[in-house]
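Everything on this sheet refers to the single structure shown next.
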Amino acid sequence: MVARDRGQLLLIGGVAIAIVVFSTILFAHSLAVTDAIATTGSAQSIERLADREASVNRDLGRLAVETRGDDLDGYETRYRDALSNYTVTYNRVVGSRDGTYLNATLNESASLGTEVNQTKTPAKQFKEPGGGGGNKWNLVNESTRIVVFNITYVDLNGGGNPTTIVVENATDRWTMTLDGTPPGTQKEILVNGVSRCSGSGTAHLEILSGTCEVAGSTGTYPTFASELEGPYNVTIKHGAQSDVRYRFAALGDFSDIHSDHKAPYPVVPAVDTTYDTPSASYNRTVFVEVNST
């Protein structure tokens, strides 16, 4: 009887040890993206690390939402600064309390998203980056999220068909036409064929928010997102007819744009986190989802 009880206790103890070892292996496997990990802690300390990491990840998401606000233009700089401030505060509070130190930095090259822009002065024709596509070119295909789309319309180049931005899905389309009276500075912006704002001077267009401004006069128009479901294809027609500056950032297929003329943009930011604790030291990259505009 005693021998049988002893055998059952040994069996239960062996199962418990196996569960602890298996849980530890599962956690280590979840760190597959880490650059390095060195841990000397128990299963309990590893669980604390997982909880701490989950808490930090939630903070990174809140920071991303707060720094984004309603203006994605310059968002990456604001988020980078916010991560730096968060790291300092975290280490001052948590590091001094339990010896856990963090470094969180924006990894723009690993972030999901692409930017294409033409922002230098003087403005240039709204042609494909690199100079082609004067008649028609694709800015992005199959875009699931567009977060920056700003245009400064400086001049109209002669007569002929005016520049038209076409945003379309599988069944419908939305258009914006950069029109006016050449030669000169008179501008007229039409959305789906309806005049939305006009005036003499440079036109500033916030396409995602549906606003335009010419010589101090403002107008509004329906946005493509309010009329169409994604994913979106964005095409520029007759771009040689207008001189513009623009900035565009999105998730999607930018394969029609040469690599020299596009750059990473953190639509979904990647954050490199380094943890240094008494029981473990490791690095990993976290993707921080931010709600679309």
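The values are calculated or read from the model by the stated rules, or taken from the named source; none is laboratory data. Being a predicted model, the structure only gives us computed values, none of them experimental. Ideal geometry is used to build each Cβ from the backbone, glycine not excepted, and the neighbour counts take in all protein chains shown.
Has the stretch 129-148 got any residue that is crowded, with 17+ Cβ neighbours inside 10 Å and more than 15 Å from residue 254 (Cβ to Cβ)?
Within the stretch 129-148 (the criterion being crowded, with 17+ Cβ neighbours inside 10 Å and more than 15 Å from residue 254 (Cβ to Cβ)), the answer is no, since none of the residues qualifies.
Out of 109, 84, which single residue is of a type in the set (Ser, Thr, Tyr) and in a loop (DSSP other than H, G, I, E, B)?
Among 109, 84, only 109 is of a type in the set (Ser, Thr, Tyr) and in a loop (DSSP other than H, G, I, E, B).
For the stretch 205-218, give me each residue that is of a type outside the set (D, E, K, R), touching a strand residue (DSSP E or B) at 6+ places or on another chain (Cβ under 6 Å), farther than 25 Å from residue 230 by Cβ and in a strand (DSSP E or B).
Residues satisfying the conditions are 214, 217.
Would a scan of the stretch 115-124 turn up a residue that is more than 30 Å from residue 216 (Cβ to Cβ) and surrounded by 13 or more Cβ atoms within 10 Å (Cβ to Cβ)?
No, the stretch 115-124 contains no residue that is more than 30 Å from residue 216 (Cβ to Cβ) and surrounded by 13 or more Cβ atoms within 10 Å (Cβ to Cβ).
To keep it simple, each residue is scored yes or no on (1) modelled with pLDDT under 95; (2) among the hydroxyl-bearing types (Ser, Thr, Tyr); (3) in the same structural domain as residue 258 (by TED's automatic domain parsing); (4) farther than 12 Å from residue 207 by Cα.
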{"site": "133", "(1), (2), (3), (4)": "yes, no, yes, yes"}
{"site": "137", "(1), (2), (3), (4)": "no, no, yes, yes"}
{"site": "152", "(1), (2), (3), (4)": "no, yes, yes, no"}
{"site": "155", "(1), (2), (3), (4)": "yes, no, yes, yes"}
{"site": "163", "(1), (2), (3), (4)": "no, yes, yes, yes"}
{"site": "169", "(1), (2), (3), (4)": "no, no, yes, yes"}
{"site": "175", "(1), (2), (3), (4)": "no, yes, yes, no"}
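Sort through 194, 286 and tell me the only one that's within 20 Å of residue 114 (Cα to Cα) and either assigned by TED's automatic domain parsing to the domain that holds residue 104 or among the aliphatic types (A, V, I, L, M) (or both).
286
So in the stretch 174-207, with the set limited to residues that are within 24 Å of the chain's Cα centre (by Cα) and either surrounded by fewer than 20 Cβ atoms within 10 Å (Cβ to Cβ) or among the hydroxyl-bearing types (Ser, Thr, Tyr) (or both), which one is nearest to residue 142 (Cα to Cα)?
Top of the filtered list is 206.
Just to check your reading of the model, which residue among 153, 86, 90, 75 is aromatic (Phe, Trp, Tyr), buried (at least 20 other Cβ atoms within 10 Å of the Cβ) and farther than 30 Å from residue 183 by Cα?
Result: 75 is the single residue among 153, 86, 90, 75 that is aromatic (Phe, Trp, Tyr), buried (at least 20 other Cβ atoms within 10 Å of the Cβ) and farther than 30 Å from residue 183 by Cα.
Just need a number here: residues in the stretch 250-287 that are among the polar types (S, T, N, Q) and surrounded by 18 or more Cβ atoms within 10 Å (Cβ to Cβ).
Selection size over the stretch 250-287: 2.
Going through the stretch 158-171 one residue at a time, which ones are surrounded by fewer than 17 Cβ atoms within 10 Å (Cβ to Cβ), more than 13 Å from residue 144 (Cα to Cα) and touching a residue at least 12 places away in the same chain (Cβ under 8 Å)?
Those that are surrounded by fewer than 17 Cβ atoms within 10 Å (Cβ to Cβ), more than 13 Å from residue 144 (Cα to Cα) and touching a residue at least 12 places away in the same chain (Cβ under 8 Å): 158, 159, 160, 161.
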